[in-house]
Amino acid sequence: MTDTDPLVRFSGVRKTYGTFEAVKHLDLDIGRGEFVAIMGPSGCGKTTTLRMLAGLEEPTAGEITIDGKRMNEVSAHDRDTPLVWQSLALFPFLNVKENVEFGLKMRGVSKPDRHGRAMLWLERLGLKGFETRRIDQLSGGQRQRVALARSLVTEPRMLLLDEPLSALDAHLVIRMQGVLTRLQKELGITFVYVTHSQSEAFAMADRVVIMGHGEIAQIGKPQEIFRAPKNRFVAEFVGRNNILPGKTPGQEIVVAADRMQVSASDPGEGALPAEFLSEEFAGTGIICYFEGPEGVELKAQVTEDQLENLAPEPGQRFWLTWAPGAAHVMAGT
Amino acid sequence: MSKRFDAYPYVWRLPLLIWQGLFFVGPLILMVAMSFWLVRNYRMEPDFVLKNWDRMLGRDYFWNAYWVTLWRATLAGVLASLIAFPASYALAFRVSETTRRWAIFFLIVPFFTSYLVRVYAWQVLLAESGPINAVLGFGGLGPFTMLNSGFGAMVGYMTLVLPLVVILQTFSLAAIDRNLIEAAWNLGASPRETLFQVILPAARIGLILGATFAFILSFGDFVSPFYLGGSKPPTLSILIIDTTKSGQQWPRAAVVAIMMIATLFVAAFAAVGAAYGRRK
């Protein structure tokens with residue numbers, strides 16, 4: 001076993017429930033110290049994948065190995081794969097410290113040792129002074145951190161997270177993203193993060209796995225997924241881009257919205273004429289929506305200054321252009 | 001500006017208040033008063049003497065009956081909880097929603113027939129020459145004396161309380177968030193540890209209420225200790241019957257009844273405290 005060998009390997013993994021194929025065929029390596037986000041729409045098999053890794057579901061076929069060891073038959077409680085649930089699943093009948101100590105207690109760690117390690121993690125996550133609080137006396141963000149402390153106190157090699165931020169307020173999500181990325185870098189352990197939120201996945205992950213219909217649609221760095229989606233499914237799921245017909249029949253190209261230039265006069269060949277529809281403030285800029293040839297919806301991201309200069313009116317005609325390098329030719333549909 | 005008096009909510013609350021007042025608080029006050037009355041020539045006369053209290057609480061036969069009743073009711077609560085739990089667990093975690101619904105339905109069916117009728121059935125089954133001893137006889141066992149014993153009474157208590165305890169336990173177990181159970185496994189708890197560290201604490205309220213109902217129903221029951229236990233030894237409910245029959249001693253029976261109600265109040269408060277109480 002060397003450090004370059006993957007920590008986790010899914011080989012030909014399949015999971016069916018009756019006639020329903022939750023995961024059709026999965027080959028995936030996850031490296032040591034890597035932050036991997038598995039992303040996709042509801043029912044794409046991402047949560048099933050995570051649950052199989054934790055031993056909460058057994059694969060119908062294929063093999064899952066951790067550190068080269070076959071895990072298929074290893075029951076959940078014999079694995080070192082702590083999971084942070086969407087609902088957090090904190091024990092309501094235990095206080096904060098008892099929740100954090102739970103995993104240590106199950107591993108037979110002595111009481112003083114348990115106490116020391118739990119207190120260390122509570123302090124690390126800014127929960128000092130909350131040890132004896134009941135779970136229902138905590139705010140959403142505090143509960144989140146208790147769940148993290150409970151999972152990390154046993155010093156696992158990887159942490160699994162199942163949409164852990166989806167129940168939080170928007171401002172807390174950003175803050176928790178910071179907490180998670182910092183923790184992951186400090187601990188140097190593997191994070192496997194399941195989410196349907198692109199902003200979360202793109203903000204934190206080293207590598208993003210896009211799943212659709214029980215299969216991997218694309219694996220890559222956030223930037224790659226965004227700039228160079230492999231197919232229409234990924235391009236549409238990622239959004240904020242334009243899917244256009246390519247030069248040869250059947251071919252499609254994709255241009256990210258922030259690579260699209262808008263001009264009020266026809267700049268010449270290659271420009272797409274389009275009618276302005278509406279604008280939407282999107283945090284990092286403003287997304288303008290247009291109707292292009294044959295009713296296709298087009299998007300272009302502009303700055304506030306650009307928007308003021310253009311002063312678009314609904315129905316007004318504009319021309320959209322992009323640099324040759326900005327267009328990515330998609331492999332298939 | 002004063003708020004207009006709204007009679008509406010009070011009208012709806014009234015029937016319950018009247019019912020409780022007429023048939024619970026009223027008789028209770030009457031009973032307490034009666035415990036200080038005297039019986040002369042088989043007739044009750046209002047009075048204020050401590051003689052009844054002195055007579056009942058000063059006698060061994062009262063205390064013997066008291067401890068027997070308390071012990072049996074406690075045993076019934078514990079036994080019913082233990083017997084019911086595997087069934088409740090299976091219904092909550094191992095079967096489909098449809099099967100669970102049918103099971104709950106069949107657990108309600110016993111209440112369709114009078115408890116007394118079911119106890120009579122047990123009299124036949126448990127008799128010295130009854131079917132159970134006959135079957136055991138084929139195996140060269142017995143015959144066992146099951147009727148008119150503590151065992152017989154306990155069979156009766158279980159007949160009374162088991163379906164209810166299973167229903168209460170099943171509901172409380174089925175209501176546990178499945179993520180909590182998975183979280184326990186995920187954190188390294190074996191199935192056994194999960195049961196004791198997570199499932200039992202999470203279902204605490206329902207489990208304690210189930211045991212409490214079994215205790216309360218068994219504590220006050222007259223039918224099982226009389227028809228299956230053979231009044232040997234007498235329980236408090238049998239003592240009340242005996243006391244009223246012998247010499248019209250209603251005031252002394254009132255003393256027994258008040259002691260029973262006081263005991264049940266203490267037990268119920270303790271149980272609710274244990275079920276809903278905050279852990280430190």
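Every read-out reported here was derived from the displayed coordinates using simple, explicitly stated rules and does not represent laboratory data. Worth saying up front: this structure is predicted, and the values here are computed from it rather than measured. Quick reminder, even Gly has a Cβ in these numbers, built from the backbone with ideal geometry, and neighbours come from all protein chains shown.
Structure summary
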quantity	calculated
Mean-position separation - Cα centroids, the stretch A:225-273 and the stretch A:101-154, in angstrom	49
Length-normalised contact order of chain A in % [C-alpha pairs under 8 Å, at least 6 apart]	17
Under the span-like rule (Cα at least 20 Å along the axis, Kyte-Doolittle mean at least 0.5), DSSP H helices of chain B	B:60-89, B:150-174, B:204-220, B:250-276
Sites matching chymotrypsin sites (Phe, Trp or Tyr not before Pro) across the stretch B:132-174 that sit in DSSP coil, with at most 16 neighbouring C-beta atoms within 10 Å	B:Phe144
Length-normalised contact order of chain B in % [C-alpha pairs under 8 Å, at least 6 apart]	27
Shape metrics for the stretch A:73-128, restricted to C-alpha atoms - Rg then Dmax, Å	12.4, 39
Computed E for B:Leu50/A:Met119 - FRET, C-beta separation, R0 45 angstrom, nearest 0.05	0.15
Exercise: per-residue mean of other protein chain Cβ atoms within 10 Å, A:79-87	3
Whole-number percent relative contact order across the stretch B:210-265, with pairs defined as alpha carbons under 8 Å at least 6 apart	26
Theoretical gain in end-to-end length, B:Asp177 to B:Arg4 [0.36 nm per residue, Cα-Cα removed]	57.7 nm
Ordering of B:23-29, A:90-96 by burial proxy (mean other Cβ atoms within 10 Å per residue, highest first)	A:90-96, B:23-29
Nearest-ten-degree value, helix A:140-152 long axis tilted from longest Cα axis of chain A	60
Positive dipole terminus of the protein assembly as shown, leading residue within A:Asn309, B:Val25, A:Tyr17 (C-beta point charges)	B:Val25
Whole-Hz ³J(HN,Hα) from phi, Karplus 6.51 cos²θ - 1.76 cosθ + 1.60, for the stretch A:170-184, glycine and proline x	3, 5, 6, 4, 4, 5, 5, 4, x, 4, 5, 5, 5, 4, 5
Reachable lysines from A:Lys97, criterion Cα separation under 22 angstrom, eight or more residues apart if same chain	A:Lys105, A:Lys111, A:Lys128, B:Lys280
Listed residues B:Gln169, B:Gln20, B:Gln249, most fluctuating in chain B (Gaussian network, C-alpha, under 10 Å)	B:Gln20
